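Some notes on the structure that comes next.
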Amino acid sequence: MDRETFQTCCSLVKSHRPCYEKLCSSHLINYIEKKDFSYSKFFEKYVLPNYPCVFSGRFTEDWNSRKQWVTQDGKPNFQRLLQDFGDALVPVANCNAKEYNANPKKIIPFKEYVAYWKDYIQNGHSSPKGCLYLKDWHLHREFPKHNVYSTPVFFTSDWLNEYWDAIEVDDYRFVYMGPKGSWTPFHADVFHSYSWSANVCGRKKWLLYPPGQEDNLRDCHGNLVYDVTEPILQDKRQFPRYDKSCQPLEIIQEAGEVIFVPSGWHHQVYNLEDTISINHNWVNSCNVDTMWQYLQRELAAVQSEISEWRDSMDNWHQHCQIMMKSCTGIDYKEFYMFLNIIAKNRISFLHSFGGDTGSSRIQRPHDLSTLGPHHAVFDLNKVAQVLECVLSNEEFKKLDPDSLSPRPEDLLQKIKEATEKTPL
């Protein structure tokens with residue numbers, strides 16, 4: 001991020017309120033063709049206003065996966081995939097079955113899934129087993145030495161994976177592989193994060209709805225629709241607000257192309273051909289407040305569900321946090337530790353940028369050097385804003401925040417000192 005973008009984004013973030021009406025009425029999504037498109041331009045034009053866009057196949061043409069996983073006629077290279085990953089265990093969903101608002105999954109050997117997929121193709125894309133979709137496979141975590149792709153620079157300010165890499169527990173990097181006809185039901189991404197998705201081969205159709213439109217796609221009980229193409233949506237008794245919903249943005253994503261899905265945009269996705277894709281979920285300084293708002297809503301929903309035991313259950317507030325974490329993967333204390341790791345890495349980077357040789361020995365994400373000191377300061381300013389909101393939250397206060405290390409007030413002070421001392 002350069003100085004001009006830093007100043008522009010600092011002013012925009014204070015006053016900006018996303019406006020999606022014009023985007024939805026035009027049904028036009030910007031297509032970024034040339035590789036000289038800058039990170040600063042992407043940050044200002046798409047990340048900050050929370051608008052989707054599509055990058056051309058030029059941005060992935062050097063990936064090993066596009067060279068090795070794909071045959072000359074553009075189909076999945078099953079032979080090479082089996083050679084590299086045949087014995088791996090992979091999560092597979094049945095697209096013909098519904099479990100709550102998702103597809104039930106099971107774990108099977110990758111070679112078993114490939115055998116199924118080949119039979120599925122030979123049988124005219126049908127099978128008595130149903131339409132099975134390999135999804136949410138943590139290939140990057142399980143095979144770290146396989147250099148099958150590199151994250152485009154536009155998506156490298158990735159706080160989710162930065163945090164989970166630091167604690168070595170999980171990640172939000174996935175591979176999807178599925179036959180023609182496989183699909184993902186209507187949803188928003190984890191924590192209402194951003195996502196980027198690149199087609200290694202094949203084609204996808206995306207149906208996207210901007211934030212707020214999902215409320216028009218709930219039934220009379222408040223449940224989100226499973227499939228936005230279902231005729232039952234026309235039943236006003238079942239879906240009383242459907243006639244107020246906008247038409248979705250429809251995007252056909254070709255092989256090699258990368259789609260940026262903004263924060264909180266609900267979507268439904270179809271594989272139009274046999275398709276392999278790579279997907280990351282990510283959070284940064286522009287949507288970390290959205291993540292915090294999401295967690296507050298999730299906690300409120302849990303508290304509402306077990307409100308009748310509020311007075312009779314010991315440590316009721318702690319139980320609510322535990323239940324929320326079981327549903328979302330994170331609780332308020334871990335959200336604070338998440339902010340702490342992000343802040344600590346940027347404070348250390350700014351110290352080394354200013355000539356602190358001790359800080360230069362601390363291991364930090366290499367992407368910080370690429371994005372530069374302006375980006376680090378922008379990030380820290382946003383961490384400070386969200387941290388102040390966390391500190392004033394009554395539910396957080398009940399969790400004994402003084403027992404955390406570092407104390408939230410101390411972290412806030414360190415952030416302010418680091419940003420004030422950095423010459424920009």
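The values are calculated or read from the model by the stated rules, or taken from the named source; none is laboratory data. The shown structure was predicted, so the numbers you read here are calculated from the model rather than taken from an experiment. With ideal geometry, Cβ positions are generated from the backbone for all residues, glycine too; neighbour counts draw on all protein chains shown. When the accessible area is computed, the model is the full protein with side chains, heavy atoms only, and any ligands, DNA or RNA have been set aside. Shrake-Rupley method; radii C 1.70, N 1.55, O 1.52, S 1.80 Å.
Can you pull out the residues in segment 109-149 that are of a type in the set (A, V, I, L, M) and more than 26 Å from Ser195 (Cα to Cα)? The answer is Val114, Ala115, Ile121. Among the residues of segment 204-256, those identified as of a type in the set (A, V, I, L, M, F, W, C), surrounded by 17 or more Cβ atoms within 10 Å (Cβ to Cβ) and in contact with a strand residue (DSSP E or B) (Cβ under 9 Å, 6 or more places away or on another chain) are Trp206, Leu207, Leu208, Leu217, Val225, Val228, Phe239, Leu249, Ile251, Ala255.
When segment 347-380 is filtered for residues that are within 22 Å of the chain's Cα centre (by Cα), more than 15 Å from Tyr39 (Cβ to Cβ) and modelled with pLDDT of 90 or more, only Leu380 remains.
Checking each residue in segment 60-93 for being outside any loop (DSSP other than H, G, I, E, B), within 14 Å of Tyr149 (Cβ to Cβ) and within 24 Å of the chain's Cα centre (by Cα) picks out Asn64, Ser65, Arg66. Pairs linking a residue in segment 52-71 that is of a type in the set (Asp, Glu) to a residue that is open to solvent by less than 30 Å² (accessible area, probe 1.4 Å) and at pLDDT 95 or above, with Cβ atoms under 7 Å and 6 or more positions apart or on different chains, are Glu61/Gly256. For segment 1-44, taking the residues that are open to solvent by 100 Å² or more (accessible area, probe 1.4 Å) and within 29 Å of Gln253 (Cα to Cα), the one that is modelled with the lowest pLDDT is identified as Arg17.
For Asp274, the criteria (1) open to solvent by less than 40 Å² (accessible area, probe 1.4 Å); (2) closer than 17 Å to Trp164 by Cα; (3) not β-branched (Val, Ile, Thr) hold in every case but one, which is (2). Taking the numbered list (1) under 30 Å from Lys325 (Cα atoms); (2) in a loop (DSSP other than H, G, I, E, B); (3) in contact with a Lys or Arg (Cβ under 7 Å, 6 or more places away or on another chain) in turn, Glu273 passes all entries but (1). Residues in segment 327-334: is at least one open to solvent by 50 Å² or more (accessible area, probe 1.4 Å), in a helix (DSSP H, G or I) and more than 30 Å from Tyr20 (Cα to Cα)? Looking for residues that are open to solvent by 50 Å² or more (accessible area, probe 1.4 Å), in a helix (DSSP H, G or I) and more than 30 Å from Tyr20 (Cα to Cα), one finds at least one in segment 327-334, hence yes.
All conditions in (1) in contact (Cβ under 8 Å) with a residue 60 or more places away in the chain; (2) surrounded by fewer than 18 Cβ atoms within 10 Å (Cβ to Cβ); (3) part of a helix (DSSP H, G or I) hold for Leu160, with the sole exception of (2). Search segment 191-203 for residues being in contact with a strand residue (DSSP E or B) (Cβ under 7 Å, 6 or more places away or on another chain) and over 13 Å from Phe174 (Cα atoms), and hand back the single one that is surrounded by the most Cβ atoms within 10 Å (Cβ to Cβ). Per the criteria, the residue is Tyr194.
Identify the single condition in (1) closer than 30 Å to Arg66 by Cβ; (2) without any contact (Cβ under 8 Å) to a residue 12 or more places away in the chain; (3) β-branched (Val, Ile, Thr) that Ile232 does not satisfy, given that it satisfies every other one. Failing condition for Ile232: (1).
The set of residues in segment 376-405 that are over 14 Å from Tyr336 (Cβ atoms) and open to solvent by 40 Å² or more (accessible area, probe 1.4 Å) comprises Asn381, Gln385, Glu394.
Considering Pro76, Pro104, the condition of being without any contact (Cβ under 8 Å) to a residue 24 or more places away in the chain and open to solvent by less than 70 Å² (accessible area, probe 1.4 Å) is satisfied by Pro104 alone.
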